[in-house]
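Encoded as structure tokens, the structure appears first; notes follow it.
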Amino acid sequence: PTYTRQHQQLQQENQQSSSGLPSGWVALQDPSSGRTYYANQNTGESSWDPPVAASPALAPQPEPTYTQPAASLADNSQLAANQMQQAQTNGAINGTSSVTTTQKVASKYGDGFVTSASNPQLAEQYGNVGTSNPYSNANRPGTAAAAVGGGQMKKAPVSGTLDSMPTLSEDYAHLQSGLLAIVEKLHATAVGGMEKKQAMESQKAVAVFVKTLARGGIGSDVANQVSTMLSALSDRDYGSASAIVTRLISNEWKDHKDWLKGMKFLVQMVSRKQL
């Protein structure tokens, strides 16, 4: 009984000293040798060496994720340049051309700066509203007709002064003398700024008419109508004279507007002053 009590007391002491052991393990003393050994009360395992507590299992860590930064503008530009270079290389290998449409158009029309105003192909594709076709009668596309002399040339302007007045033929000499005489009277009788201005416009119209007629720029039909108008003014038939100038303005304005407006002032002033 004494030995049993001592053995139990040693077991209790060993159990108290085994508080640092892993769960389920206790330290015991071998009765025959007195050495301390270790036993697992749950599994029945025993060992002379102190058991080592297992490291606590670590919670699995999430794998890091990487987000690729957005490509910068410079990177995109470099990528586009690389792709273009690669396309050109592939075209050279395959025997195809990588020349752009703009370069083709520039080569065809000989223009360093290609616009729809300088060649008809782009004008047809993109529209060139409000402009006339400058390629009529041109020998090659892209060359405006005016540049090669194929278009209609504008008439040179005629001076509206009485300097260097030409001498008309006998058929129209009476027109020159009669109209100049009327202009002289209008200047002499003009009163106020408005009448003086109309008198100057009438003088300009007579100068342009005579010079254009001398150059052959006025047909016989128009010249004969002016002659009839002058005769009506001489006869004080102001209504007929006014009707003739109105008809000329209606039918001939496009070709003779540079003198018809002043001729209308001439008829109005003569009619108003009863000259």
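Cβ-Cβ distance below 9 Å, separation of 6 or more or different chains: which pairs start in the range 195-207 with a residue that is closer than 17 Å to residue 218 by Cβ and end on one that is open to solvent by 40 Å² or more (accessible area, probe 1.4 Å) and among the acidic types (Asp, Glu)?
204/258; 205/258; 207/163
Any chance you could count how many residues in the range 197-221 are of a type in the set (A, V, I, L, M, F, W, C) and open to solvent by 10 Å² or more (accessible area, probe 1.4 Å)?
Looking only at that region, the number is 4.
Of the numbered conditions (1) touching a residue at least 12 places away in the same chain (Cβ under 8 Å); (2) more than 22 Å from residue 161 (Cβ to Cβ); (3) of a type outside the set (D, E, K, R), residue 189 satisfies every one except a single condition; which is it?
Tallying (1) touching a residue at least 12 places away in the same chain (Cβ under 8 Å); (2) more than 22 Å from residue 161 (Cβ to Cβ); (3) of a type outside the set (D, E, K, R), residue 189 fails exactly one: (2).
Can you tell me which of (1) open to solvent by 90 Å² or more (accessible area, probe 1.4 Å); (2) under 25 Å from residue 253 (Cα atoms); (3) at pLDDT below 65 is the one residue 194 doesn't meet?
The single condition residue 194 does not satisfy is (3).
The values are calculated or read from the model by the stated rules, or taken from the named source; none is laboratory data. Note that the structure is a prediction, hence the values are computed from the model and not measured. Positions of Cβ are backbone-derived with ideal geometry, glycine not excepted, and every protein chain shown enters the neighbour counts. We work out accessible area using only protein heavy atoms, side chains counted, and drop any ligands, DNA or RNA first. Shrake-Rupley method; radii C 1.70, N 1.55, O 1.52, S 1.80 Å.
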